[in-house]
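Peer 1: The structure under discussion is supplied below as structure tokens; questions concerning it will follow.
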Amino acid sequence: MPVCGSSRMDLTCQETTHVFIMSVNSYSLNPKEVTMSVVQSLLRSPVVTALASPHGIDRYLEIVNPLWAAHEVRARVVDVTRETRAGAPVTTLRLRPSNTWRGHRAGQHVQLGIELGTARRLTRAFSISSPESGPGDDITITVRAREEGAVSAHLAELARPGALVHLGQAEGEFTLPEPLPSRLILISAGSGITPVMSMVRTLMRRGYGGTITFLHYARSAQHQIFADEIATLPPNVHVHLVHTRAGGERFTRDALARLVPDFADVDTFACGPAGLIETVQEAYAGSDRLRVEYFRVPSAASGDAEGTITFSRSGTRVANSGATILEQAEAAGLTPEFGCRMGICFTCTARKPEGAVRNVVNGEENAMPDDDIRICVNAPVGDCTVDL
Amino acid sequence: MTLTATRPADSPPARTTPVRTPKPATPAAATSTDDASTRHTPEAFTTPPVSTEHTTSISDLLSPEELEAFGAEMDAIREKVIASLGDEDAAYIRRIVKWQRGFEVAGRALFYVPPAWPLAVASLSISKILDNMEIGHNVMHGQYDWMGDPGLSSRMFEWDTMAPAENWKYGHNYLHHTFTNIVGKDRDIGYGILRMDDDQKWRPHHLLNPVNAFLLMVFFEWGVALHDLEVENIASGERGWAETKPVLRRIRRKMGRQVLKDYVLFPALTGPLFPLTFAGNAVANLVRNIWAFNIIFCGHFPTGVATFSMEETENETRAQWYVRQLLGSANITGSELFHVLSGNLSHQIEHHLFPDIPARRYPQVAAEVREACERYGLPYNTGSLGHQLGSVFRKIGRLALPPRRGR
């Protein structure tokens, strides 16, 4: 159902004024675009919604053309660029979304789904690397192929122009403050540069005149993403590239203090692996100027009942007893929804943002982040977080 | 654990595989209200007609070792299917969805051509049948959740009928599929209106069993929606207003949308043809109601299908659950098209053994299940639509009357 979100800028309610099927980013509307815009408004009208109930109009449009949509966002890959010369391939994909795309703020991420084969759609979150976008604008994501990540590997190595992807709307609060402060610190490592780069590009496009301290860690110059573009940034962006394999020092509080003595009073955005983020958080000692985003990686299943279960919604943490997640949640005083308690009714399905679990019925292990699991038949193996 | 395996026969049970330890049958004791002419034995019928009430137990049918081995075999069938899920299953359900949408759009459009009215109704009826049975029921069981497609996800799917998905999933996927045929727990035994089992206490209003069954058939989608209110549990005080309110709110909202679409907007869009379109939509809903009612009633109510008591199913193992699902369900034979239109609920046995595997796999695994049943000497209840329906209707009639003394 169409929802004009109140928090996500003003973009959300402008959607009806935009053309029907993407591919046109011009700002002046020709007669065809006006017609399309009328069609689009019609498709989103309460009457069409009522007529298409209960499935929704998109379920009919997609059968005619996978890019036709009144609510959902889909996109075609229009350009594929290899970013690095060493290590796992890193690729930037330019996506042309349906005009249902409401735009994004720099630093946000998007849920992106691809179909591997024709059967299984896998959906993962990716930071957007292009500057802030408006409704229907192209966006880019920059993806590093990770051995254990089927989606990232596919996108980085196999995606070709013309491929169809499913998108959500942009989400995330890792975004620049408005109005912009006079100083900013950006800290990133590896492919954590992507949302930070979206911020840098946005700031440059807006003609930002303040001071940016941009501290980035890569393994080597060959691993460095966006190297050419970073080299041409104007002088108000103080870039510090650290190549750790070439002897560069990993992040420390002192190193940052040498660059920006009063760093804890400066709006700071840090994105990278969990290890870096922890160190940065320690350095900032709880300062509300720091905002972070880190990657979740598939966990290694230990095969034993160890580790801690975090029930993220209730903020409860308990030591893993090896019982099913449902039983452990109940033991911890939570009352998750459940039905059959034997894995057939799907009532208890909950999201598992990270951690490895084993299905107690068939022994299958699942370490994928952001997967939906039936908590009545899955027991954690090692640390695990469940949205309960 | 004991179960009441067979009831006083009002007709021979449907074709079953031989029970290894058939209980002594005393046909002379039969007190069926049915006329004798229905009491012929089909040629393929391999079990002596069991005509008097008796109880048997799973332990009579299977030793503890056999029981566990049977359960393991069922688990193995399930795992094999799950491991092989892939492109064909995805292509199949997407093809069915395309057909359903096609029939739906065609049906709606054909109402603009008055002479094509019967065609429009037929088209819309098929659309609703496919939507509810092969797509809706099965998608909401989570059979296609592995595809990761929000349009085919058990958590998101909503179907073209009065019952809101969320209410129905609780009553069906959980209550009915977990407590299948346990008298007093499975609310689908007679839907709180009909007396469908000897163990349900007879009350005077059960004299109306055939009338109520007919009304339920005609208004099936309304009945299914209201079923989730659990009126009998509200009356008994087991269920309070706090639990009922959200259920009722969802029902009202969904019914509002369905009525608005089928009885206001689509008829209004055809202008002067309003009454014809209105009537056409009503008939399409009726056709779907009749079809769904009949297929569903053949799933658990034909003679020979076992019911269970709460006591005997306490602390049930997974293997015992499998056997209960098997003994508590019945299949319908038919063509491939028939199976699709029944949402493969014609393979009710396989559906109850493996509710979360794609329904198109049921015909494939049916041979294995049946073969296993034969090896273990377990009954496998199947018959033609006519046969199973006859059996159900006779039961509806017989149970309208109070039990005779001496039973």
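Peer 1: Cα centroids of the range B:83-115 and the range B:177-237: how far apart, whole angstrom?
Peer 2: Spelled out, the Cα-based centre of one part sits 33 Å from the other.
Peer 1: Still on this structure: Can you sort B:L326, B:L207 by how many other beta carbons sit within 10 Å, fewest first? Mind dumping the intermediate values first?
Peer 2: Numbers: B:L326 23, B:L207 14.
Fewest-to-most ranking of B:L326, B:L207: B:L207, B:L326.
Peer 1: Just report the Cα centroid separation between the range A:245-274 and the range B:249-301, whole Å.
Peer 2: Computed from Cα coordinates, the inter-centre distance equals 64 Å.
Peer 1: What is the mean number of Cβ atoms from other protein chains located within 10 Å of the Cβ atom of each residue in peptide B:346-357, rounded to a whole number?
Peer 2: Numbers: counts 0, 0, 0, 0, 0, 0, 1, 1, 1, 4, 5, 0.
Average neighbour count from other chains, rounded to a whole number: 1.
Peer 1: Please compute the length gained on full extension between A:R146 and A:E337, using 0.36 nm multiplied by the number of residues separating them and subtracting their Cα-Cα distance. If you can, show how the numbers build up before the last one.
Peer 2: Working: separation 191, 0.36 × 191 = 68.76 nm, distance 3.48 nm.
That pair, A:R146 and A:E337, stretches by 65.3 nm at full extension.
Peer 1: Do you know the relative contact order of chain B, to the nearest whole percent, from alpha carbon pairs under 8 angstrom that are 6+ apart? Please list the in-between numbers first.
Peer 2: Working: 630 pairs, mean separation 108.3, N = 407.
In percent, rounded to a whole number, it is 27.
Peer 1: If you wrap a convex hull around the Cα atoms of the protein assembly as shown, how much volume per residue is inside, in Å³?
Peer 2: Dividing the Cα hull volume of the protein assembly as shown by its residue count gives 183 Å³.
Peer 1: Still on this model: For chain A, what does the helix formula give at 222 nm: sum of -39500 (n - 2.57) over DSSP H segments with n ≥ 4, over the residue count, nearest 500 deg cm²/dmol?
Peer 2: Values: 9 runs with 77 residues, N = 388.
The helix contribution divided over chain A gives -5500 deg cm²/dmol.
Peer 1: Just counting partner chain Cβ atoms within 10 Å, what average do the residues of peptide B:169-179 show around their Cβ?
Peer 2: 4
Peer 1: Another question, then. So, in nm, how far is label B:V211 from label B:A116 when the simple model puts each one 7 Å beyond its Cα toward the Cβ?
Peer 2: 4.3 nm
Peer 1: Under 22 Å Cα to Cα from B:K201, which lysines show up? Leave out anything in the same chain fewer than 8 places away.
Peer 2: B:K185, B:K395
Peer 1: I would also like to ask the following. Enter the angle in degrees (range 0 to 90, nearest 10) between the Cα long axis of helix B:87-110 and the first principal axis of the Cα atoms of chain B, meaning the one along which they spread out most.
Peer 2: The helix B:87-110 is inclined about 50 degrees to chain B.
Peer 1: May I pose another question? Express as a percent, rounded to the nearest 5, the fraction of DSSP beta bridges in chain B (both residues included) that run antiparallel. The partial results should precede the final answer.
Peer 2: Working: 5 of 9 bridges.
The antiparallel fraction comes to roughly 55 percent.
Peer 1: Could you list which residues have their amide H under 5 Å from that of A:V73, counting only those 5 or more apart in sequence or on another chain, with H placed in the peptide plane?
Peer 2: A:L167
Peer 1: Further question on the same structure: Nearest 5 is fine: what % of DSSP beta bridges in the protein assembly as shown come out antiparallel, could you say? Could you put the intermediate results ahead of the total?
Peer 2: Details: 50 of 81 bridges.
Counting DSSP beta bridges with both partners in the protein assembly as shown, the antiparallel share is about 60 percent.
Peer 1: Between helix B:385-398 and chain B, what is the angle of the helix's C-alpha long axis to the longest principal axis, kept within 0 to 90° and rounded to the nearest 10?
Peer 2: 70 degrees
Peer 1: Among A:S182, A:S98, B:S125, rank each residue by its count of other Cβ atoms within 10 Å, from fewest to most, as a rough exposure measure.
Peer 2: On the way: A:S182 11, A:S98 27, B:S125 22.
In order of increasing Cβ crowding within 10 Å: A:S182, B:S125, A:S98.
Peer 1: Moving on. Just rank A:H238, B:H177, fewest to most, by other beta-carbon atoms within 10 angstrom. Present the calculation step by step, with values, prior to reporting the outcome.
Peer 2: Working: A:H238 14, B:H177 22.
Ordered by Cβ neighbours within 10 Å, fewest first: A:H238, B:H177.
Peer 1: For peptide A:54-67, what's the mean number of Cβ atoms from other chains within 10 Å of each residue's Cβ? List each step's numbers first, then the result.
Peer 2: Values: counts 13, 11, 3, 0, 2, 4, 3, 0, 3, 6, 1, 0, 0, 0.
For this peptide, the per-residue mean of nearby foreign Cβ atoms is 3.
No lab work stands behind these numbers, since they all come straight from the coordinates. On a predicted model such as this, the values are computed, not experimentally measured, just so you know. Note that each Cβ is placed from the backbone with ideal geometry, even for glycine, and that neighbours are counted across all protein chains shown.
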